[in-house]
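Values quoted throughout were computed directly from the atomic coordinates according to the rules given, and no laboratory measurement underlies them. Only a predicted model underlies this, so the values are computations on that prediction, with no experimental measurement involved. With ideal geometry, Cβ positions are generated from the backbone for all residues, glycine too; neighbour counts draw on all protein chains shown.
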Amino acid sequence: MKVLSYTKNGGDLRATLLAEAAEIERFGGVREAVEGCIRLFAEREGLGRLALPRVTRMDAAADGATEFDFDAAVPPAVELGQYLGLEVYVPSDEKPDLHVLRAAAERMSADIPETYISRKTDALVRQRLEDVAQRTGFVTLADMAAILRTVNEECSLGRSDDELWAAAVAAADEMSGARLRAHSTEEICGIIAEALFGEGAKDESGAIGRALRRRAEEKQHTSPETLAGESFACYLRMAGKTEESLREEFRADATELVRFDLLIDEVARREGLEISDEEFNAALETIAGMYDMHPAEVLQLIGAASLRDQLLRDKARAMIVDSAKRI
């Protein structure tokens, strides 16, 4: 392994490494070699176990080596204040978890690397994207926007982006409205025509019908991720936000969630908590039953180490919350 470049800013680091051909063969593959080189790099630099490593570029060299960039964080030192037996005010109609964890986290000291917050923000944005992708209204809006762009181009209407967007919103609202629940192709064409050309307009040229068919064909060959991105873009536009402004909006929540994670992991370490085989197998059976899967399928999907880590965090979290006194 060769270190081609390396920068460290506080607990955040970025590096470019070269996994040589012999290492790729020794580790049994490129992916395994990359992971092994990151571990070896951390050991050589005295960084311990890196957190949240992410490969951002990977290029194969002519001699069989692989050059790659990655970023990661050095786990911060965590100083716990009081975390057991806290007296916490909890409204009678709310669960205590958030209130207790927040009180314990306020007593904790840690210099949190930006990478932690960035990764957690990524997760919150992804969660919002996945939620939006399941909402029919935004899926319909993305379809209407695509169809209207096609009609505008085919018929050389010269409509501006804002005009097409307003028409798409009007058509999507009508499609989702109470007046029409099941829509024939003719009804959909009529809704779009009215949104684009005004009340009583008809799809005389058949352009809207053709655009409908084209959209349906395109969706059959478009990845779910791309379609979800289209719905998410519509959500952002409706909300008057950019992805960057949404990330900034999520930053406070992301920071708090990171503090909770660090708190829980440190409590688990300090208390010497472990997950027994009996606890592991019971949880595995429960998850398998919930999703009507074989336990082996669950392990293949999420991994034994990930499940054990989550169970350990759940145990530490429960210890903190259950020890608190509600006031």
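Quick one: if you stick a label point 7 Å off each Cα along the C-beta vector at Ser223 and Glu153, how many nm between them?
Label-label distance for Ser223 and Glu153, simple model: 2.1 nm.
Just add up the charged neighbours of Gly64: K/R +1, D/E -1, any other residue whose Cβ is under 9 Å from the Cβ of Gly64.
Once positives and negatives cancel, what remains is -3.
Taking the number of other C-beta atoms within 10 Å as the exposure measure, put Glu79, Glu45 in order starting with the fewest.
Going from least to most buried by this count: Glu79, Glu45.
What order, most packed first, do the peptides 46-56, 120-130 have when packing is the mean number of other Cβ atoms within 10 Å of each residue?
In decreasing order of mean packing, 46-56, 120-130 become 120-130, 46-56.
Quick check for me: using +1 on Lys/Arg Cβ and -1 on Asp/Glu Cβ, what's the dipole size of the chain about its Cα centre, in debye to the nearest 20?
Value, rounded to 20: 360 debye.
Above 18 Å lies some portion of the pair distances; for segment 136-239, what is it as a whole percent of all C-alpha pairs?
Percent of Cα pairs beyond 18 Å in segment 136-239: 44.
Once the Cα atoms of helix 207-220 and of the chain are each reduced to a long axis, what angle between those two axes, in degrees from 0 to 90 to the nearest 10, is obtained?
With rounding to tens, the tilt is 20 degrees.
Just checking my list (1) 27, 52, 20, 0; (2) 22, 43, 31, 5; (3) 32, 55, 11, 3, 0 against P(r) over Cα pairs in 20 Å bins from 0, in percent computed from this structure; which label fits?
Computed from these coordinates, P(r) over Cα pairs in 20 Å bins from 0, in percent corresponds to label (2).
Can you give the FRET efficiency to the nearest 0.05 for Arg54 and Arg326, using r as the Cβ-Cβ distance and R₀ = 45 Å?
E between Arg54 and Arg326, to the nearest 0.05, is 0.65.
How many angstrom separate the Cα center of segment 308-327 from the Cα center of segment 29-47?
Cα centroid to Cα centroid, the span is 33 Å.
For segment 49-92, state which chymotrypsin sites (Phe, Trp or Tyr not before Pro) are in a DSSP loop and have at most 14 other beta carbons lying within 10 Å of their beta carbon.
Filter output for segment 49-92: Tyr89.
Using Cα pairs closer than 8 Å and at least 6 residues apart in sequence, work out the relative contact order for the chain, in percent.
19 percent
Restricting to bridges with both residues inside the chain, how much of the DSSP beta-bridge set is antiparallel, in percent to the nearest 5?
90 percent
Give the lysines whose C-alpha is closer than 25 Å to that of Lys315, dropping any in the same chain fewer than 8 places away, or say none.
Within the straight-line cut-off, Lys315 pairs with Lys95, Lys120, Lys325.
Could you check the simple spin-label distance between Ala252 and Ala288, using points 7 Å along Cα→Cβ, in nm with one decimal?
4.5 nm
Beyond 18 Å, how much of the Cα-Cα pair distribution for segment 236-313 remains, as a whole percent?
So the portion of pairs separated by more than 18 Å is 60 percent.
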